[in-house]
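Worksheet: one structure, shown below.
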Amino acid sequence: MSLEARVGPPHRRPPRRRIPPPPILGGRWRHRGRVFGGRGDDRRPSRCGGAGVFDWGESGCLQGALGLLAIPPASILVLGFFLYESRVTTVPNLSSEKKVLVRVGGAVANMWRTMKCPQIWKPALVIFLSLALSVTTHEGHFYWYTDPKAGPGFSKEFVGILYSSGAIASTLGVVIYHKFLKGYPFRNLLFCAQLLYGLSGMMDLFWVLRWNLAFRIPDSFFAVLEESVLRSIQQIRWIPMMVLSTKLCPPGIEGTFFALLMCIDSLGTLFSKWGGGFLIHQLHVTRTNFTNLWLAVLIRNCLRFVTLALIFLVPNVNQSDAVVPPDILGSKSSSKSDADEESQLVPLAEKIAI
């Protein structure tokens, strides 16, 4: 977020060539990593010699897996030393510290003034509730479809293949949005995406009740189909939320306000996990008892449809239109931010030209 704010807001400077926005680029590479991780996961069990779902056999294999997980954050730490930053040569004094405190206080006041604007808090509330009410029952599903008695009894190898197929479908969802859906208004797109998200959850209920066997659909095929449909719809639903979040950031505090919106979204995701855990606990779904798992799935799907009643709070504008008025923080703040942006982008533009 800090890097994006440092380079400059994409909606306020004309791009030199058409490139996908950061949520699309990040989604593509993130799901490619999930494909790689899933394909590696379905090869580890046979080499480790584990018997149960969480039995890895040799401790060295588990240490190697944890070592692979440590590579991405270590790479980011190393790459951080190569980022270009202007060196500060002045020694801060008491007056400069007071100026910093004044600027921080002004930024907090601007964020509070911005958050009270109806054009901002209404869609932010919809995004938060859409994430918070989408409670997850993944833990109950995992124990169920790896149980050979109560569920299909999938092996570790097939679970890895299942996650890989979901990652591929997520990438397909990103491509579908970028190619076909980015021209639709926010309200219509989010309504249809949320509706499809709720309907796709019914496939889980169909599977948990084992109705697929009544139609002679194998569990393995139905599991891959359900995972692929769910992940692709999740991306089609998630990317417009991120694009709308970038549109809600007023000029002058783009990076700071976007970070605030992402914190709210993370809090909504955390509430969804807490809510899913509480729901599973109240229905007494355990590692061996899956009697009420279908009820947990049904309640989860009903909560997904609740968000549809709040879609009217989302602005009915195109994704290329402005959502927030440019003078929301006052003309003085806007002109100051324009001057700061021009001064920050000069060395970067010169570097690109060279």
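The values are calculated or read from the model by the stated rules, or taken from the named source; none is laboratory data. Since we're looking at a predicted model, the values are computed, not measured. Note that we place each Cβ from the backbone using ideal geometry, even for glycine, and neighbour counts take in every protein chain shown.
Take region 124-134 and flag every residue that is outside any helix (DSSP H, G or I) and either surrounded by fewer than 21 Cβ atoms within 10 Å (Cβ to Cβ) or without any contact (Cβ under 8 Å) to a residue 60 or more places away in the chain (or both).
Let us first name the residues in region 124-134 that are outside any helix (DSSP H, G or I), namely 133-134.
L133 - this is the single residue of region 124-134 that is outside any helix (DSSP H, G or I) and either surrounded by fewer than 21 Cβ atoms within 10 Å (Cβ to Cβ) or without any contact (Cβ under 8 Å) to a residue 60 or more places away in the chain (or both).
Yes or no, residue by residue, for (1) hydrophobic (A, V, I, L, M, F, W, C); (2) out of contact with any Gly (no Cβ under 6 Å at 6 or more places or on another chain):
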residue	(1), (2)
K98	no, yes
W121	yes, yes
S164	no, no
T171	no, yes
L195	yes, yes
W207	yes, yes
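Look at L298 and say whether it is of a type outside the set (K, R), buried (at least 20 other Cβ atoms within 10 Å of the Cβ) and in a helix (DSSP H, G or I).
It is false that L298 is of a type outside the set (K, R), buried (at least 20 other Cβ atoms within 10 Å of the Cβ) and in a helix (DSSP H, G or I).
If I filter region 136-143 for residues that are part of a helix (DSSP H, G or I), more than 17 Å from the chain's Cα centre (by Cα) and modelled with pLDDT of 90 or more, do I get at least one hit?
yes
Would you say R287 is among the basic types (K, R) and under 19 Å from the mean Cα position of the chain (by Cα)?
No.
Only one residue in S266, S228 is farther than 21 Å from I311 by Cβ, modelled with pLDDT of 90 or more and surrounded by fewer than 19 Cβ atoms within 10 Å (Cβ to Cβ), so which one is that?
S266
Mind listing whichever residues of region 269-295 are β-branched (V, I, T), surrounded by 18 or more Cβ atoms within 10 Å (Cβ to Cβ) and outside any helix (DSSP H, G or I)?
Taking region 269-295 first, the residues β-branched (V, I, T) are 269, 280, 285-286, 288, 291.
Restricting the remaining residues to those that are surrounded by 18 or more Cβ atoms within 10 Å (Cβ to Cβ) gives 280, 285.
Matches in region 269-295: V285 only.
Just wondering, is there one or more residues in region 194-208 that are among the β-branched types (V, I, T), farther than 27 Å from T291 by Cβ and either at pLDDT below 90 or crowded, with 17+ Cβ neighbours inside 10 Å (or both)?
no
Look at region 304-322 and say how many of its residues are in contact with a Gly (Cβ under 8 Å, 6 or more places away or on another chain) and crowded, with 17+ Cβ neighbours inside 10 Å.
So the count comes out to 2.
Give the residue, chosen from A259, A339, that is part of a helix (DSSP H, G or I), at pLDDT below 90 and within 20 Å of F128 (Cα to Cα).
Result: A259 is the single residue among A259, A339 that is part of a helix (DSSP H, G or I), at pLDDT below 90 and within 20 Å of F128 (Cα to Cα).
Only one of G268, G275, G252 is of a type outside the set (S, T, N, Q) and under 16 Å from A322 (Cα atoms); which?
Only one candidate passes the filter, namely G252.
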